[in-house]
Amino acid sequence: MSAIRNAPLQYDRHIESALSQIGELLKREYGLSKRTVGLLLLQTDTDIEKLVQKHEAEALPSIRKIVDETRSLYNQPLNYVIAMRRQQEATRLSSIVTTSRGKSGTGFTERLSRITMHPVTGSLILLAVLYLGLYQFVGVFGAGTLVDFFENTVFGQWINPWITGVAIRFVPYQWLRALFVGDYGIITLGLSYAVAIILPIVTTFFIVFSIIEDSGYLPRLSMLIDRIFKTIGLSGRAVIPIVLGLGCDTMATIVTRTQETKRERVITTLLLALAIPCSAQLGVIFAILSDSKLALVIWVLVVMLIMLLVGFLTSRILPGEKATFYMEIPPLRLPKISNVLVKTLTRLQWYLTEVIPFFIIASVMLWLGELTGVFNWIIALLKPVVAFIGLPQEAAQVFLYGFFRRDFGAAGLYDLHNSGAIVGIPLVVAAVTLTLFIPCIAQFMVMLKERGVKTALAIAIFIFPFAFVVGYFLNLVLTTLRVTL
């Protein structure tokens, strides 16, 4: 056991020398050992660096110089070097306290794990997961069967008629009544969209995501797409915020903190804002395009092409270090029902407490906009823009909804499609443009906090015209080719 007691973990002489020098410069107490603080500083931990800046700013320039000099001695990032040394030590300790029975051959789980990461078989498995999980379960069952029941039966036949009758009876003023049961009423629009259309979709998505997460498939997906992501300046690690973005882009933007370099965080934030639809938006688009497989294929190909093209060009323009990628692969396992339920319920609790209030606020703002005339003025400005990409004027309000929340806009598009106002080529154009449209208010506020004012504004200013330019050329190509959808 004496070998196990050789603590603390020793690194090579360059890192140990840097830790010693940093320790001499640190005079204050941080609730951690000076060695731990030094390791975090070597790994460019921004929170610790801010803490040192706050308590002893005079030492920070010297510390940064030590970190830079140490970093220049290695071909890989220091956090990678430190992590590999820790893994080496963990392997050594494990070999001391464990014994192997010497099983020969590769087990079924290990073979399956390798198959999920192979370029050919892994891609087929990914397509199967997307088809069965997102298309059939979220798109067809969640956005189709469940939404139809809640929207047309629960709200359409029970709640909305009853609450409208109550409002007519007890609220004498039409302008005040419209706040609750009008075209932009809190109940007939806000809660109806949030509960009847969006809640069934995000619930089914959260179930699928929890199963994928609990099975250990996500790290294998990271390994599978690492090569593709490198062409757009990212590593396989970016799959975590990208996949989370399919649930909520706002939450995913926060998760970009886990990425290694500033350059990678900026690229991922841009792609989340531009080309990653949230779960509700994704489910609605699958639902409205499911009648035509060709329409759905066109939407997928255009959005993926735009994502890869913008990511590729951005990675060539933005300066900074290229990201390295390493990841420990946990064992594959059958998802536990208890884990899936807990994760799903936790995320639903977040949705109910964080997202629904945004729908209510959006309804109030739309009601005020209509009452004051501001709403009609904005719609009038948007009508030529939507006409530019071949959409009917009614689509203008969908993009206004989308500014408040992506899923709010998707729900508006769902209503227009059901009414027959948007079908065929305009429906595909609207779906693509709405997907690429500027991030909602919540995501934009998080972008301001995470990336800063200049970067967040630059992203929004780029996305708004770019989305409509893509919509224009898509409409031009489809109409010129006389594509039947």
(request) Quick one: what are the phi-derived ³J(HN,Hα) couplings along the stretch 379-396, Karplus 6.51/-1.76/1.60 with θ = phi - 60°, whole Hz, x for glycine and proline? (result) 4, 4, 5, 7, 4, x, 5, 6, 5, 4, 9, x, 9, x, 4, 4, 6, 4
(message) For S72, S123, which order do you get if you count the other beta carbons within 10 Å of each Cβ and list the fewest first?
(response) S72, S123
(message) Counting each pair of different Cα atoms once, what's the Kirkwood radius of the chain in Å, rounded to one decimal?
(response) 25.3 Å
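Based on the Cα gyration tensor of the stretch 348-394, what are the three equivalent ellipsoid semi-axes, each the root of five times an eigenvalue, rounded to whole Å and given largest first?
Its equivalent ellipsoid spans semi-axes of 28, 16, 6 Å.
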(message) Below 8 Å, C-alpha to C-alpha, sequence gap of six or more: please give me the relative contact order for the stretch 13-97 in percent.
(response) 29 percent
(request) Return one number: the angle in degrees, 0 to 90 and rounded to the nearest 10, between the long axis of the Cα atoms of helix 46-55 and the longest principal axis of the Cα atoms of the chain. (result) 70 degrees
(request) Output the pairs from K54/K262; K27/K454; K54/K343; K34/K454; K34/K449 with a Cα-Cα distance over 28 Å in this structure; if there are none, say none. (result) K27/K454; K54/K343; K34/K454; K34/K449
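With a cut-off of 8 Å between alpha carbons and a minimum separation of six or more residues, what is the relative contact order of the chain in percent?
15 percent
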(request) Measure nothing fancy, just the Cα-based angle from helix 13-25's long axis to the longest principal axis of the chain, in degrees from 0 to 90, nearest 10. (result) 80 degrees
(message) Tell me which chymotrypsin sites (Phe, Trp or Tyr not before Pro) from the stretch 152-231 have a DSSP coil assignment and no more than 15 other beta carbons within 10 Å of their own.
(response) Y173
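What does the C-alpha gyration tensor say about the overall shape of the stretch 224-352? Classify as rounded when a/c is under 1.5, otherwise prolate if a/b is larger than b/c, or oblate.
oblate
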(request) Report, to the nearest 10°, how far helix 108-117 tilts away from the longest principal axis of the Cα atoms in the chain, using its own Cα long axis and a range of 0 to 90°. (result) 70 degrees
(request) Mind checking the full-extension length gain between A380 and R114? Use 0.36 nm per residue of separation minus the Cα-Cα distance, one decimal, nm. (result) 90.2 nm
(request) Would you list the P(r) distribution for the stretch 289-371, with all Cα-Cα distances sorted into 5 Å bins from 0 and each bin expressed as a whole %? (result) 3, 9, 7, 7, 7, 13, 25, 18, 7, 3, 1, 0
(request) Using only the alpha carbons, work out the radius of gyration and Dmax of the stretch 103-151 in angstrom. (result) 16.7, 57
(request) Could you tell me which of rounded, prolate or oblate describes the stretch 59-185, using a ≥ b ≥ c as the square roots of the eigenvalues of the alpha-carbon gyration tensor, with rounded for a/c under 1.5 and, failing that, prolate when a/b is larger than b/c and oblate otherwise? (result) oblate
(request) Give a residue-ordered list of calculated ³J(HN,Hα) values for the stretch 199-215 (Karplus: 6.51 cos²θ - 1.76 cosθ + 1.60, θ = phi - 60°; whole Hz; x for Gly, Pro). (result) 4, x, 6, 5, 5, 5, 5, 4, 5, 4, 5, 5, 5, 4, 5, 6, 7
(message) Which GluC sites (Glu not before Pro) in the stretch 1-95 sit in a loop by DSSP (not H, G, I, E or B) and have at most 13 other Cβ atoms within 10 Å of their own Cβ?
(response) E29
(request) Normalising by the residue count of the stretch 123-251, find the relative contact order in percent from Cα pairs under 8 Å and 6+ residues apart. (result) 23 percent
(message) Considering just Cα atoms, how many Å³ per residue does the convex hull of the stretch 351-485 enclose?
(response) 117 Å³
(message) Can you pull out the trypsin sites (Lys or Arg not before Pro) in the stretch 244-306 whose DSSP state is coil and whose Cβ has at most 16 other Cβ atoms within 10 Å?
(response) none
(request) Quick one: check the C-alpha center-to-center distance for the stretch 1-77 versus the stretch 193-234, whole angstrom. (result) 36 Å
(message) For the stretch 13-97, take N as its residue count and report Rg(C-alpha) divided by 2.2 N^0.38 Å.
(response) 1.16
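Read the figures in this text as sums done on the coordinates, not as results from a lab. Predicted model, so just to flag it, every value in this text is computed and none were measured. So basically every Cβ, Gly included, is an ideal-geometry build from the backbone, and we count neighbours across all protein chains shown.
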